[in-house]
Amino acid sequence: QVQLVESGGGLVQSGGSLRLSCAASTRIFSTYVMGWYRQAPGKQRELVASITSDGNTNYAESLKGRFTISKHNANNTVILQMNSLKPEDTAVYYCYFRPVGLASGYWGQGTQVTVSS
């Protein structure tokens, strides 16, 4: 099983920034989709941003311009840079990894992001 280790969550003031990191336990990356989802209390888990093995990115429409996803192949790491954070961004953020060919992928444990007013 692939282990995904998330870090970088925490408490931040509205308008501030956080950087989330997701590191895979192995370097078994060929063709894949990797990204971040979030789930706020009382809401369904939703896509924040994703990136493919060839560098194509996808963002939730409402988050475009504030969040940026990137990857560092040498470290098997995906980064989510979160700027201009709002209280509405408060949620548990989950890293996700799905190799092409699998119907479902792997989830990280989740990291809490709390944005205060």
Q) Evaluated at 20 °C with a viscosity of 1.002 mPa s, what Stokes-Einstein diffusion coefficient in µm²/s does region 1-84 have when Rh comes from the Kirkwood expression over alpha-carbon pairs? A) 158 µm²/s
**Q.** Nearby lysines by direct alpha-carbon distance to residue 43 (threshold 27 angstrom, same-chain neighbours under 8 apart not counted)
**A.** 64, 86
Q. Taking amide hydrogens as modeled 1.01 Å from N in the peptide plane, which residues meet the under 5 Å criterion relative to residue 106, leaving out close sequence neighbours?
A. 97, 98
**Q.** Within a Gaussian network of the chain (alpha carbon springs, distance under 10 Å), most fluctuating of 13, 81, 39
**A.** 13
Q | Paramagnetic reach from residue 39 in region 87-117 [backbone N under 12 Å; point 7 Å along Cα→Cβ] | A | 92-95, 107-111
Q.
How high is the relative contact order of region 1-106? Use alpha-carbon pairs under 8 Å, at least six apart in sequence, and give a whole percent.
A. 33 percent
Q: Springs between alpha-carbon atoms under 10 Å, Gaussian network over the chain: tell me which of 104, 50, 21 tops the mean-square fluctuations.
A: 104
Q. So which trypsin sites (Lys or Arg not before Pro) in region 1-68 end up in coil per DSSP with only 16 or fewer other C-beta atoms within 10 Å?
A. 27, 43, 45, 66
Q | Full-extension gain in nm, residue 46 to residue 81, via 0.36 nm per residue minus C-alpha separation | A | 10.9 nm
Q: Can you grab the distance from the C-alpha centre of region 32-66 to the C-alpha centre of region 79-117, Å, no decimals?
A: 7 Å
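Values quoted throughout were computed directly from the atomic coordinates according to the rules given, and no laboratory measurement underlies them. Predicted model, so just to flag it, every value in this text is computed and none were measured. Reconstructed Cβ throughout: ideal geometry from the backbone, glycine too, with neighbour counts over all protein chains shown.
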